[in-house]
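A.B. asks: Got a structure here, written out as structure tokens. Questions coming.
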């Protein structure tokens, strides 16, 4: 990043000190001027402290969170939108509702049971449902009574990355992607039932993020609609 320095200018016959902060988030070039050089240097210091806070926030994100942010921002950009517009539209929608929707969560084991019931009722093969149920239950050992909405994406991602199969070997990349897809089905049911928010959209995005192609979880818009 270029070094910011005050530049001496003459404005209306008086000496002023201008700082070029570059293009801001609205697309306007910011070039404020100050009465003294010390005031200009103080403004530069405050600006750089703000940038450092942004950098520190980014460094605290997990690799998984960074992938989700990058993929989601790319999808928003491809749709011709901006983050400000998406956030602003959601805030407007939320105000129109009068109140934020409430998530009535349930223990993980109940969410898994509901997943199995729905998939069988939808005509999914018993083999697929049983295999997925076994996988979900394996992750749920020790988490049976934990509310599904309190399970974090990073917690699940670490389990998938570190888990070993029956032969004691780590899962291959393809296996991890397959299992993420199966977990995504569970959280899709949870979001649809209103017992969890949409924070697990990364499950179907993660593989696409690695390949550089943005594939967004199909109910992402529904998640926005639910708040």
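A.B. asks: Select from segment 1-21 the residues that are surrounded by fewer than 12 Cβ atoms within 10 Å (Cβ to Cβ) and closer than 30 Å to residue 82 by Cα and write down the one among them that is modelled with the highest pLDDT.
C.D. replies: 3
A.B. asks: A further question follows. Within segment 120-140, track down each residue that is surrounded by 12 or more Cβ atoms within 10 Å (Cβ to Cβ) and either within 27 Å of the chain's Cα centre (by Cα) or not in a helix (DSSP H, G or I) (or both).
C.D. replies: Within segment 120-140, 124, 132, 133, 135, 136, 137, 139, 140 meet the criteria.
A.B. asks: What's the number of the only condition in (1) loosely packed, with under 13 Cβ neighbours inside 10 Å; (2) assigned to a helix (DSSP H, G or I); (3) at pLDDT below 85 that residue 207 fails to meet?
C.D. replies: Residue 207 satisfies every listed condition except (1).
A.B. asks: Every residue in segment 164-185 that is free of Cβ contacts under 8 Å to residues at least 60 places away in the same chain and either in a strand (DSSP E or B) or closer than 14 Å to residue 132 by Cβ (or both), please.
C.D. replies: 164, 170, 175, 178, 179, 180, 181, 182, 183, 184
A.B. asks: Does residue 161 fit the bill of being touching a strand residue (DSSP E or B) at 6+ places or on another chain (Cβ under 9 Å), in a helix (DSSP H, G or I) and within 19 Å of residue 187 (Cα to Cα)?
C.D. replies: Answer is yes for this residue.
A.B. asks: Which condition breaks for residue 78 when tested against (1) crowded, with 16+ Cβ neighbours inside 10 Å; (2) out of contact with any strand residue (DSSP E or B) (no Cβ under 9 Å at 6 or more places or on another chain); (3) in contact (Cβ under 8 Å) with a residue 24 or more places away in the chain?
C.D. replies: For residue 78, the exception is condition (1).
A.B. asks: So if I check each of 185, 105, which one is over 21 Å from residue 68 (Cα atoms), surrounded by 15 or more Cβ atoms within 10 Å (Cβ to Cβ) and modelled with pLDDT under 85?
C.D. replies: None of the others qualify; the one that does is 105.
A.B. asks: Does residue 88 fit the bill of being at pLDDT 75 or above and at positive phi?
C.D. replies: no
A.B. asks: Continuing with the same structure: Which condition breaks for residue 24 when tested against (1) free of Cβ contacts under 8 Å to residues at least 40 places away in the same chain; (2) surrounded by 13 or more Cβ atoms within 10 Å (Cβ to Cβ)?
C.D. replies: Exception for residue 24: condition (2).
A.B. asks: Provide a single number: the residues in segment 44-88 that are part of a helix (DSSP H, G or I), farther than 28 Å from residue 156 by Cβ and not assigned by TED's automatic domain parsing to the domain that holds residue 24.
C.D. replies: Of the residues in that region, 3 qualify.
A.B. asks: What single numbered condition from (1) surrounded by fewer than 13 Cβ atoms within 10 Å (Cβ to Cβ); (2) in contact with a helix residue (DSSP H, G or I) (Cβ under 6 Å, 6 or more places away or on another chain) fails to hold for residue 85?
C.D. replies: (2)
The values are calculated or read from the model by the stated rules, or taken from the named source; none is laboratory data. The structure displayed is predicted, hence computed values, not measured ones. Here Cβ is always computed from backbone atoms with ideal geometry, including for glycine, and neighbour counts include all displayed protein chains.
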